[in-house]
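Here's the structure, in structure tokens; my notes come after.
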Amino acid sequence: DTGVSQNPRHKITKRGQNVTFRCDPISEHNRLYWYRQTLGQGPEFLTYFQNEAQLEKSRLLSDRFSAERPKGSFSTLEIQRTEQGDSAMYLCASSEETDTQYFGPGTRLTVL
Amino acid sequence: SQQGEEDPQALSIQEGENATMNCSYKTSINNLQWYRQNSGRGLVHLILIRSNEREKHSGRLRVTLDTSKKSSSLLITASRAADTASYFCATERGGSNYKLTFGKGTLLTVNP
């Protein structure tokens, strides 16, 4: 399967713990996006990478959130000191020079 | 913030009927995309229509775009039970680093 993959698919953590998610984009896609989706809502943009450069961050991304994309391949999204409000589906998408973004299956985070 | 707004929020039809979903948005766009999401899963790209296009077809899908009214519609013909899902429109605005702004979605239920 050459689609976007995300790990883990589910994560349950206690409030205050740190969590890290991984996204592997479609091979050779230079653009990578993170979105967050809460129940009953559409996805909301968090951050965007072109190759290894993080070019944009949403105001939704507080100081507790950090994302990286070393070497312009996979990306990680870390949330420090998780809060119950961080519970959501975290979606990763990638694209090449065309406009179409291809989404991964998401990581569902539950903060207890 | 969410730019697109789908209408209706929920739609229930019988297999074989056509389903029409509408999307309105607020600012000028480069393109508008429709995605499908099965319960609790990732998004599947359906179709992309650019701002200079008025209509596109893909299989049983027909999308129209009216930039003067800032609206789009998605028509699914001869619906099947497998079409049951949430459908989202997403807009890409100029100078936006290609990020997508999603609406809240339409929940389509196709009854067998």
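The values are calculated or read from the model by the stated rules, or taken from the named source; none is laboratory data. This one's a predicted model, so the numbers in the text were calculated from it and none came from an experiment. Every residue, glycine as well, gets a Cβ built from its backbone with ideal geometry; the counts of neighbours run over all protein chains shown. Just so you know, the surface numbers come from the protein's heavy atoms only, side chains and all, with ligands and any DNA or RNA stripped out. Shrake-Rupley method; radii C 1.70, N 1.55, O 1.52, S 1.80 Å.
Here is how the numbers come out for the structure above:
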quantity	calculated
Chain A - accessible surface per residue (Å², probe 1.4 Å)	51
Per residue, the convex hull volume that the Cα atoms of chain A enclose (Å³)	97
Set of aspartates and glutamates near B:K56 by C-alpha distance (under 18 Å), chain-local residues within fewer than 8 positions excluded	A:D99, B:D66, B:E92
Per residue value of the accessible surface for chain B (all protein chains in place, 1.4 Å probe), Å²	48
Interface B:A - total buried accessible surface [probe 1.4 Å, Å², rounded to 100]	1800
Whole-number percent relative contact order across region A:3-78, with pairs defined as alpha carbons under 8 Å at least 6 apart	28
Cα-only Debye scattering, region B:17-112: base-10 log of I(q)/I(0) at q = 0.13, 0.19, 0.20, 0.24 Å⁻¹	-0.42, -0.87, -0.96, -1.31
Dipole magnitude of chain A, debye to nearest 20 (Cβ charges: Lys/Arg +1, Asp/Glu -1, about Cα centre)	620
Angstrom value of the Kirkwood radius, inverse mean 1/r, which spans all Cα pairs in the protein assembly as shown	17.9
Of all accessible heavy-atom area on the protein assembly as shown, the percent that carbon and sulfur account for (1.4 Å)	43
